[in-house]
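*Asks:* Structure in structure tokens, see below.
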Amino acid sequence: MNLTEKDLVIPDIPFIFAVTESATLPTRTANQGGSFVFMSIVKRYNKQALSIADQIELLKNRGLQIADEFKAAKFLSEVGYFRFIQYLRPMEADKTTHQFKQNSCFDDAVALYDFDMELRFLLFKVIQRIEIALRSDIIHEFSVCHGPFWFLDDTLVDDVQKFKENRNAIERELQRSREDFIREHRLHYDEPAFPPAWKTLEIVSLGTLSKLYYNFKDKKAKKRIARRFNLPQHEVLESWIRSLTVLRNCCAHHSRLWNRRLANSPQMKATLRGAWVDIAGLDNNKVYAIFCCVAYWLESFGHGQAFKAKLKGLLSAYSQVDTAAMGFPADWEQQPLWK
């Protein structure tokens, strides 16, 4: 059958038309020359935006109970349908058709949304405390050992390419900064081009600060910092910092937290000096694992009990929340860390 280009015009389906000729193989083989059409199906997104009224009608048609439609409309206009449906997913009986389980209620999903928001507030507040303590320790320890401009010395790093990337990131953050102490420094000093660590590294992100720590060559200095947080080795601290950075960004960008699987799981198998948890069967990518790290971290400098009490209080206030979906074991409150 001979095909022409006209025969191959199929709406919304792109294709590649190729003619191949075999110069060496005899005819009547599986590899003989010929014409082939390679087609790939384009999956085009064609859904349109829905009005708030249509959103409510769609949820009702899928079996969701909505007691007060006026209140529901107000909520959806403030929060947004796409953000909110992430909190409806646990109620779905069918993940393809998105039909809801029997007796699923709009108000229950709102309560889950409120819980998640309060959880982010709690975590973000304590993360700030950890971040400031970590920043202070890194700046002080490395500056005392290697001078105020250690972050500009490529002889103090493991990877020179990463050093260059970190330096460029610091320079960009300095250029963006409008902090008074940076402007004042530039008025009084011309060299070096960067202010000392205790000024410059106050304005860099946690991500940039953590990369400086990862790449620093002085392992003894890094270990001393880890020991201040009651951790045995700098590798454990590095793992926890990576996880904390992901958690911080999730909180800062108002992302769903409660049942999220975090990309960077913290190292949990280390032998720790302080009270810890039974790690058997734990999913390190669930939020319970990083909550354990946060509690232990705070405990190392005297702020753990307040955090643990507030977390327990929040979970008690929202007792309908499925803590197993967050990675909590059934006996978590009996674990040494949480007592």
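Read-outs throughout are calculated quantities, based only on the coordinates presented, and are distinct from any laboratory measurement. Given the structure is predicted, the values throughout are model-derived calculations rather than measurements. Quick reminder, even Gly has a Cβ in these numbers, built from the backbone with ideal geometry, and neighbours come from all protein chains shown.
*Asks:* Could you grab me the full set of residues in the range 155-165 that are part of a helix (DSSP H, G or I) and surrounded by fewer than 12 Cβ atoms within 10 Å (Cβ to Cβ)?
*Replies:* The answer is THR155, VAL160, GLN161.
*Asks:* Which one of these does PRO148 not meet: (1) surrounded by 14 or more Cβ atoms within 10 Å (Cβ to Cβ); (2) of a type outside the set (Asp, Glu); (3) part of a helix (DSSP H, G or I)?
*Replies:* Among (1) surrounded by 14 or more Cβ atoms within 10 Å (Cβ to Cβ); (2) of a type outside the set (Asp, Glu); (3) part of a helix (DSSP H, G or I), PRO148 violates only (3).
*Asks:* Among the residues of the range 249-257, is there at least one that is within 18 Å of LEU122 (Cα to Cα), among the polar types (S, T, N, Q) and surrounded by 20 or more Cβ atoms within 10 Å (Cβ to Cβ)?
*Replies:* For the range 249-257, residues within 18 Å of LEU122 (Cα to Cα), among the polar types (S, T, N, Q) and surrounded by 20 or more Cβ atoms within 10 Å (Cβ to Cβ): absent.
Residue-by-condition table, conditions (1) free of Cβ contacts under 8 Å to residues at least 40 places away in the same chain; (2) charged (D, E, K, R); (3) loosely packed, with under 14 Cβ neighbours inside 10 Å:
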{"position": "GLN175", "(1), (2), (3)": "yes, no, yes"}
{"position": "ASP180", "(1), (2), (3)": "yes, yes, yes"}
{"position": "ARG183", "(1), (2), (3)": "yes, yes, yes"}
{"position": "LEU187", "(1), (2), (3)": "yes, no, yes"}
{"position": "PRO192", "(1), (2), (3)": "no, no, yes"}
{"position": "GLU202", "(1), (2), (3)": "no, yes, no"}
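*Asks:* Step by step: first the residues of the range 310-328, then only those that are among the hydroxyl-bearing types (Ser, Thr, Tyr) and part of a helix (DSSP H, G or I), then the one that is surrounded by the most Cβ atoms within 10 Å (Cβ to Cβ). Which residue is that?
*Replies:* Here the residue is THR323.
*Asks:* Restricting to the range 95-149, name every residue that is closer than 17 Å to PHE84 by Cβ and of a type in the set (Gly, Ala, Ser).
*Replies:* Residues satisfying the conditions are SER104, ALA109, ALA111.
*Asks:* For residues in the range 84-96 being without any contact (Cβ under 8 Å) to a residue 40 or more places away in the chain and over 13 Å from LEU59 (Cβ atoms), which is surrounded by the fewest Cβ atoms within 10 Å (Cβ to Cβ)?
*Replies:* THR96
*Asks:* Still on this structure, I have one more. Considering only residues that are in contact (Cβ under 8 Å) with a residue 12 or more places away in the chain and hydrophobic (A, V, I, L, M, F, W, C), look in the range 127-147 and name the one that is farthest from SER300 (Cα to Cα).
*Replies:* CYS145
*Asks:* Would you mind finding the one in LEU272, LEU298, LEU337 that is in contact with a Gly (Cβ under 6 Å, 6 or more places away or on another chain) and more than 30 Å from LEU88 (Cα to Cα)?
*Replies:* LEU298 is the lone residue from the list that is in contact with a Gly (Cβ under 6 Å, 6 or more places away or on another chain) and more than 30 Å from LEU88 (Cα to Cα).
*Asks:* Out of the range 202-239, which residues are in contact with a helix residue (DSSP H, G or I) (Cβ under 7 Å, 6 or more places away or on another chain), under 16 Å from GLN267 (Cβ atoms) and small (Gly, Ala, Ser)?
*Replies:* SER210, ALA226
*Asks:* While we're here: Being under 22 Å from the mean Cα position of the chain (by Cα) and of a type in the set (Ser, Thr, Tyr) is the requirement here; does TYR318 meet it?
*Replies:* When the stated conditions are applied, TYR318 does not pass them.
*Asks:* Does any residue in the range 148-171 that is over 21 Å from LYS220 (Cα atoms) come within less than 6 Å, Cβ to Cβ, of a residue that is of a type in the set (D, E, K, R) and assigned to a helix (DSSP H, G or I) six or more places away or on a different chain, and which pairs are these?
*Replies:* ASN166/LYS211
*Asks:* Say whether the condition of being in contact (Cβ under 8 Å) with a residue 60 or more places away in the chain, assigned to a loop (DSSP other than H, G, I, E, B) and under 21 Å from the mean Cα position of the chain (by Cα) is met by at least one residue in the range 259-270.
*Replies:* There is at least one residue in the range 259-270 that is in contact (Cβ under 8 Å) with a residue 60 or more places away in the chain, assigned to a loop (DSSP other than H, G, I, E, B) and under 21 Å from the mean Cα position of the chain (by Cα).
*Asks:* What pairs come up if the first residue lies in the range 285-309 and is farther than 16 Å from LEU237 by Cβ, the second is part of a strand (DSSP E or B), and their beta carbons are under 9 Å apart, counting only those six or more places apart or on different chains?
*Replies:* Short answer, once both residue conditions are applied: ASN285/ARG261; LYS286/ARG261; VAL287/ARG261.
*Asks:* Now, a different point. Could you check how many residues of the range 101-118 are among the charged types (D, E, K, R), more than 26 Å from the chain's Cα centre (by Cα) and in a helix (DSSP H, G or I)?
*Replies:* So the count comes out to 1.
*Asks:* Okay, moving on. Given the residues GLY302, GLY274, which is the only one that is more than 23 Å from the chain's Cα centre (by Cα), among the small types (Gly, Ala, Ser) and on the phi > 0 side of the Ramachandran plot?
*Replies:* Just a single option satisfies the conditions, and that option is GLY302.
*Asks:* So, one more: Would you call ALA306 farther than 27 Å from PHE84 by Cα, assigned to a helix (DSSP H, G or I) and of a type in the set (A, V, I, L, M, F, W, C)?
*Replies:* In short, yes.
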